[in-house]
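Each value in this text was obtained by applying a stated rule to the coordinates, not by laboratory testing. Only a predicted model underlies this, so the values are computations on that prediction, with no experimental measurement involved. Ideal geometry is used to build each Cβ from the backbone, glycine not excepted, and the neighbour counts take in all protein chains shown.
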Amino acid sequence: MTIFGVKSDEVRRQWAERSGEYSPGYYAYYGPDETSESVRSILDRTLDSDASVLELGCSSGRHLAHLRDGGYEDLAGIEVNADAFDVMEETYPELAETGTFYHDAIEAVVEEFPDDHFDAVYSVETLQHIHPSSSWVFSELIRITGDLLISIENEGDGSETTVNYVDDDVPLYYRDWSEEFADEDLTEIELTAEEQSVVHEGDTVRAFRTSTQ
């Protein structure tokens, strides 16, 4: 396993130290699911299996492991919780051995990547926890994406509520990702019903391709 960096600050401490529900062990226990299948389906019809793929907030790697089982080998992930990598080595040893991982917050890593560094970048219920003061991250994600950007996030119910709290303390910010990724370099693509099928009904699946593709 190749792991770079570790400099999580207090703002992200709760996720970095999280155990129990929604922890790396929790997700590894349930393994790949319909959301994993959705990510792979979108990748399969837009990219070749030699594509470089980055997951934002990869936890113990269940979605990346599903991609690896589907033939993808150039896989990377960013994760702030150190326990995730121990769980990955136990649960998905082949992924742990061959993947490239960044133990850090997204905000601390993303600026270091060159333009178009990854063919595909995706997030599953991760960007919804980015604080509004770090919204600059979203343009950085567009910059480092060479072809395909996927968001699977809770966008809320359309009401005026813009933030909710997980366990009364971890903020979840509702955003319309079509608006957040409204950029002349990106075009949102139409998805099949199967690709929009995810485990959590509150999540919205969106996929964007760069203008160079």
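Values computed for the structure shown
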read-out	value
Among THR162, TRP177, SER151 - extreme Cα towards positive end, dipole of segment 146-196, charges at beta-carbon	THR162
Virtual spin-label span in nm between VAL170 and GLU112, 7 Å along Cα→Cβ	2.4
Residues ASP48, ASP33, sorted so that the one with the fewest Cβ neighbours within 10 Å comes first	ASP48, ASP33
Two-site label geometry, ASP69 and GLU190: point separation in nm, points 7 Å out along Cα→Cβ	3.1
Cβ-derived FRET efficiency at R0 41 Å, THR98 paired with THR204, nearest 0.05	0.85
Phi-based couplings in Hz for segment 142-150 (Karplus 6.51, -1.76, 1.60; Gly and Pro marked x)	4, 4, 8, 8, x, 9, 10, 10, 10
Per-residue HN-Hα couplings for segment 65-76 [Karplus 6.51, -1.76, 1.60; θ = phi - 60°; Hz; x = Gly/Pro]	4, 5, 5, 4, 4, x, x, 7, 10, 8, 10, 9
Cα centroid separation - segment 92-164 against segment 37-86, whole Å	12
Label-point separation, GLU34 to SER49 (7 Å along Cα→Cβ), nm	2.7
Net dipole in debye of segment 2-210 [+1 Lys, Arg Cβ; -1 Asp, Glu Cβ; about Cα centre; nearest 20]	240
Long-range amide H partners of GLY77 with built H, under 5 Å	GLU55, THR100, PHE101, TYR102
Residues whose placed amide H lies under 5 Å from that of VAL166, excluding near-sequence neighbours	LEU172
Antiparallel DSSP beta bridges within segment 78-213, as percent of all bridges there, nearest 5	65
Cβ-derived FRET efficiency at R0 25 Å, TRP136 paired with THR161, nearest 0.05	0.60
